[in-house]
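Q: Encoded as structure tokens, here's the structure I'll be asking about.
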Amino acid sequence: MRAPGAASGARAPGAGGGSGRAQGAGHGAGNGGGQSGGQGGGRVGPPRRPAASRPVRGPVRPSKPRMVRLGRPRPRLRLVGAALTIVMAVFVVRLLQVQAVDASAYAAKAAVNRWVTHEVTADRGTITDRTGADLATTVDAFDITADPYLFTPGQAKVGNAPQQAAELLAPIVGGDATKIAQQLAAPKSRYQVIAKQQTPQVWNQIKDLKAAFAAKAARNQGADVLAGIFSEPHSKRVYPAGDLAAGVLGFVNGDGKGAGGLESMLDKQLSGTNGKIRYAQSNGRQVPTAGTQEQPAVPGDDVELTLDRDIQWAAQSAITAQVEKSRADRGYVTVMDNRTGEILAMADAPGYDPNDLAHADPAALGNAAVQDAYEPGSVSKLMSMAAILDTGTATPLTRVVVPGTLPRADRIFHDDVPHGTWDLTLNGVLAKSSNIGTILASQQLGKTQPQANQVLYSYLRKFGIGSKTGLGFPGETPGILAKPQDWNASQQFTIPFGQGLSLSALQATSVYATIANGGVRVQPSLIRGITGPDGRFVPAPAPKKTRVVSAKTATTLSQMLESVVGSEQGTGVYARIDGYRVAGKTGTANRVDPDTGRYKGYTSSFMGFAPADNPRLTISCVIQNPTKGSYFGGEICGPVFKKVMEFGLKSLGVAPSGKPAPNLPVTFDPADPVSAGGQKAPR
């Protein structure tokens with residue numbers, strides 16, 4: 001028996017729908033719908049038509065996918081390949097240019113941009129006196145700079161930052177606050193130099209102020225008005241003793257190069273050799289991992305001078321006081337050790353302070369004792385007397401009758417004071433500094449005047465007149481000495497007593513040192529030795545020595561020079577020193593005005609040595625154009641000589657003289673018979 005609805009030949013609606021969907025509508029719908037319909041008893045939804053009423057169809061065939069026809073790919077591939085080839089070719093060509101063709105040029109540019117080279121300045125050598133006291137040395141210094149941009153209101157956070165900073169800086173650097181404020185407010189500027197070559201103490205003081213203002217600004221207690229102040233380190237040449245020996249030392253210019261005196265003369269040795277340092281940088285900073293290439297600087301040599309600082313001070317003090325007292329144009333003192341030729345002092349007045357060149361008188365920047373050529377006057381008579389004695393023409397006791405006037409050539413000659421006839425020995429001619437007596441005695445050097453001129457000229461040359469001393473000092477004058485055939489009518493009579501020729505004070509000092517040294521001229525020197533960077537001291541070469549006159553002549557001349565100082569009739573009584581025998585000579589010469597070339601005023605001088613019985617020091621004093629008080633050399637230079645010689649002898653511990661002077665006669669009695677060696681010179 002069958003259940004209702006399950007008769008043969010008939011299908012339930014659910015079963016029929018499910019089976020038909022499974023066979024004709026594909027697997028997904030058939031399986032889901034048919035299976036569900038078969039098992040679940042029908043499909044939920046609107047009723048479907050019975051199968052008998054639908055048209056009978058055959059099996060449904062699946063539709064074929066629609067084919068898309070693509071273009072040919074080869075042209076496109078060729079185009080892309082060509083484009084890539086062109087791009088690669090450009091890269092290859094550029095690569096070849098950079099790495100092969102222009103490799104060195106680009107490498108150089110890269111090195112310039114990446115590698116930085118700085119010069120390392122060598123330390124300039126120190127100049128000391130003979131005891132090691134510094135006369136010129138180098139210290140650290142700083143240029144105080146500013147960036148005005150950091151003082152603008154937007155950066156400083158205050159409207160009057162330049163004025164505030166200027167008021168703080170001016171007292172420290174010794175500048176003008178108004179000028180500094182203008183620099184700090186300079187428009188469109190990023191760099192201003194506020195003060196040059198300031199000491200480390202000045203920069204430390206500024207740094208302390210900067211730190212204090214920065215700390216206040218960090219606590220919002222005020223503006224940091226010094227944030228734009230910086231420093232640049234430099235070296236500075238300083239002269240610890242100020243104007244002491246400035247004429248000898250000289251000075252350096254703004255580039256640190258010697259520009260005067262020994263600083264110029266020894267610039268190569270003092271400067272040393274600058275070094276270099278090379279390092280990589282990026283954005284203005286050193287790249288620490290790239291390493292550095294350094295060529296160390298070689299410091300300059302240290303130079304030890306022959307000068308004695310204490311004796312230099314005594315000489316400078318004495319000549320400065322006398323030049324001021326006499327209201328003279330200039331004066332100079334030279335102190336020499338006659339045994340060695342070493343210059344112990346060389347002082348000028350007026351002088352200058354090489355630490356403050358801005359306020360120095362340009363006329364005072366040289367070394368007048370070496371560079372000024374002047375007519376020496378009577379101090380030159382020593383050379384005439386040396387020629388007369390050394391040739392055997394006369395002796396100190398030779399009688400010379402000296403009239404009040406003497407006509408020669410186109411002139412009438414006088415002595416410095418009017419007088420009648422003097423009965424003088426040759427020693428007396430020198431002691432009283434008689435021009436007329438010197439002319440008469442010098443005429444006897446030859447049978448004729450031209451022969452006498454030639455003999456005198458040869459001795460002047462042997463004493464070094466007309467040639468540089470060999471010191472090597474910048475601007476040194478050789479003096480002026482014409483050849484005898486060129487002497488005019490007046491010169492052949494004026495040159496014997498020191499007019500018509502010119503020399504320097506150093507040359508004149510060397511003449512007297514030659515007599516003090518027994519007739520042997522020792523080349524003057526200022527350099528005692530040099531210490532190199534290795535610390536080894538190398539003494540200066542031994543000075544050149546030249547025999548000028550015999551030892552006997554030198555001894556006789558020394559005794560005659562003692563009469564100038566020791567005799568009451570001598571002109572050098574102001575140079576006497578208690579306990580010491582002094583030999584010296586005064587000089588008062590007509591002075592050639594350097595501006596007009598004519599005679600105007602006087603050159604006053606005194607030169608000599610002590611102790612005369614065992615000479616140690618030779619000193620010269622020269623004063624140009626004294627205009628107040630006396631102008632005689634013995635009266636204004638004699639006291640200067642005495643002060644410096646006393647100080648020098650005591651400073652060196654030189655013992656006083658052991659025996660009295662010989663006191664050679666100055667005059668003779670015409671009634672007395674002529675003694676041996678006292679022959680009378682013709683008029």
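Q: Name every residue in the range 335-355 that is open to solvent by 20 Å² or more (accessible area, probe 1.4 Å) and among the charged types (D, E, K, R), in order of residue number.
A: Within the range 335-355, ARG339, GLU342, ASP353 meet the criteria.
Q: Under the condition of being among the acidic types (Asp, Glu) and part of a strand (DSSP E or B), which residue from the range 330-362 is farthest from VAL248 (Cα to Cα)?
A: Applying the filter and picking the extreme gives ASP337.
Q: Which residue is modelled with the lowest pLDDT, if the candidates are limited to the range 641-683 and must be surrounded by 20 or more Cβ atoms within 10 Å (Cβ to Cβ) and more than 19 Å from PRO611 (Cβ to Cβ)?
A: ALA681
Q: Something else now. Can you give me the number of residues within the range 146-178 that are surrounded by 20 or more Cβ atoms within 10 Å (Cβ to Cβ), under 34 Å from the mean Cα position of the chain (by Cα) and either of a type outside the set (A, V, I, L, M, F, W, C) or modelled with pLDDT under 90 (or both)?
A: 1
Q: Pairs please, first residue from the range 215-244 and without any contact (Cβ under 8 Å) to a residue 60 or more places away in the chain and among the basic types (Lys, Arg), second anywhere and surrounded by fewer than 21 Cβ atoms within 10 Å (Cβ to Cβ) and assigned to a loop (DSSP other than H, G, I, E, B), Cβ atoms under 7 Å, 6+ apart in sequence or on different chains.
A: LYS216/GLY222
Q: Please go through the range 571-611 and pick out each residue that is open to solvent by 10 Å² or more (accessible area, probe 1.4 Å), part of a loop (DSSP other than H, G, I, E, B) and either at pLDDT below 95 or more than 22 Å from TYR332 (Cα to Cα) (or both).
A: Matches in the range 571-611: THR571, ASP578, GLY579, ARG581, ASP593, PRO594, ASP595, THR596, GLY597, ARG598.
Q: Still on this model: Any residue in the range 581-601 that is of a type in the set (Phe, Trp, Tyr) sitting within a Cβ distance under 7 Å of a residue that is modelled with pLDDT of 95 or more? List the pairs, counting only those 6 or more apart or interchain.
A: Sorted first by the residue in the range 581-601, then by its partner, the list stays empty.
Q: I'd like the full set of residues that are assigned to a strand (DSSP E or B) and open to solvent by less than 40 Å² (accessible area, probe 1.4 Å), limited to the range 225-259.
A: ILE229, SER231, ARG237, VAL238, PHE251, VAL252, GLY258, listed by residue number.
Q: Then there's this: Any residue in the range 464-490 that is in contact (Cβ under 8 Å) with a residue 40 or more places away in the chain and assigned to a loop (DSSP other than H, G, I, E, B) sitting within a Cβ distance under 7 Å of a residue that is hydrophobic (A, V, I, L, M, F, W, C) and surrounded by fewer than 16 Cβ atoms within 10 Å (Cβ to Cβ)? List the pairs, counting only those 6 or more apart or interchain.
A: From the range 464-490, the pairs are ALA489/ALA409; SER490/ALA409.
Q: Turning to a different aspect of this structure: Just to check your reading of the model, which residue among GLY159, GLY222, GLY175 is within 26 Å of ALA141 (Cβ to Cβ), in a loop (DSSP other than H, G, I, E, B) and not aromatic (Phe, Trp, Tyr)?
A: Going through GLY159, GLY222, GLY175 in turn, just one is within 26 Å of ALA141 (Cβ to Cβ), in a loop (DSSP other than H, G, I, E, B) and not aromatic (Phe, Trp, Tyr): GLY175.
Q: If you don't mind, another one. Output yes when any residue across the range 507-526 is open to solvent by 40 Å² or more (accessible area, probe 1.4 Å), modelled with pLDDT of 95 or more, farther than 27 Å from ASP416 by Cα and basic (Lys, Arg), and no when none is.
A: no
Q: Just wondering, is there one or more residues in the range 312-325 that are farther than 26 Å from PHE463 by Cβ and touching a Cys at 6+ places or on another chain (Cβ under 9 Å)?
A: yes
Q: Separate question: With GLY392, GLY428, GLY437 as the choices, which residue is assigned to a loop (DSSP other than H, G, I, E, B) and either crowded, with 21+ Cβ neighbours inside 10 Å or on the phi > 0 side of the Ramachandran plot (or both)?
A: Result of the check over GLY392, GLY428, GLY437: GLY392.
Q: Now a separate question. Within the range 218-265, track down each residue that is within 17 Å of HIS359 (Cα to Cα) and within 9 Å of the chain's Cα centre (by Cα).
A: ARG237, GLY250, PHE251, VAL252, ASN253, GLY254, ALA259, GLY260
Q: Further, regarding this structure: Please tell me if ILE439 is touching a residue at least 12 places away in the same chain (Cβ under 8 Å) and touching a Phe, Trp or Tyr at 6+ places or on another chain (Cβ under 8 Å).
A: yes
Q: Return yes or no: is ASP208 open to solvent by less than 30 Å² (accessible area, probe 1.4 Å), farther than 30 Å from LYS268 by Cα, of a type in the set (D, E, K, R) and over 20 Å from the mean Cα position of the chain (by Cα)?
A: The answer is no for ASP208.
Q: Can you tell me which of ALA181, ALA223 is more than 30 Å from ASP267 (Cβ to Cβ), out of contact with any Leu (no Cβ under 9 Å at 6 or more places or on another chain) and modelled with pLDDT of 90 or more?
A: None of the others qualify; the one that does is ALA181.
Q: For the range 302-329, which residues satisfy the criterion of being assigned to a loop (DSSP other than H, G, I, E, B), hydrophobic (A, V, I, L, M, F, W, C) and open to solvent by less than 10 Å² (accessible area, probe 1.4 Å)?
A: LEU307
Q: Now, a different point. With the requirement that a residue be more than 25 Å from TYR457 (Cα to Cα), in a strand (DSSP E or B) and either in contact (Cβ under 8 Å) with a residue 12 or more places away in the chain or open to solvent by less than 10 Å² (accessible area, probe 1.4 Å) (or both), what does the range 527-554 give you?
A: Scanning the range 527-554 gives ILE527, ARG528, GLY529, ILE530, THR531, PHE537.
Q: What is the number of the single condition among (1) at pLDDT below 90; (2) touching a Pro at 6+ places or on another chain (Cβ under 6 Å) that THR117 does not meet?
A: Condition (2) is where THR117 drops out.
Q: Quick one: count up the residues across the range 505-542 that are farther than 23 Å from VAL429 by Cα and touching a strand residue (DSSP E or B) at 6+ places or on another chain (Cβ under 8 Å).
A: 20
Q: Restricting attention to the range 260-277, and to residues there that are outside any helix (DSSP H, G or I) and under 17 Å from VAL303 (Cβ atoms), which single residue is most open to solvent (accessible area, probe 1.4 Å)?
A: For the range 260-277, the residue satisfying everything is THR273.
The values are calculated or read from the model by the stated rules, or taken from the named source; none is laboratory data. Quick caveat, the model's predicted, so the values are computed rather than measured. Cβ: placed from backbone, ideal geometry, glycine included. Neighbour counts: every protein chain shown. Quick note on the areas: whole protein, heavy atoms, side chains included, nothing else; ligands and nucleic acids left out. Shrake-Rupley method; radii C 1.70, N 1.55, O 1.52, S 1.80 Å.
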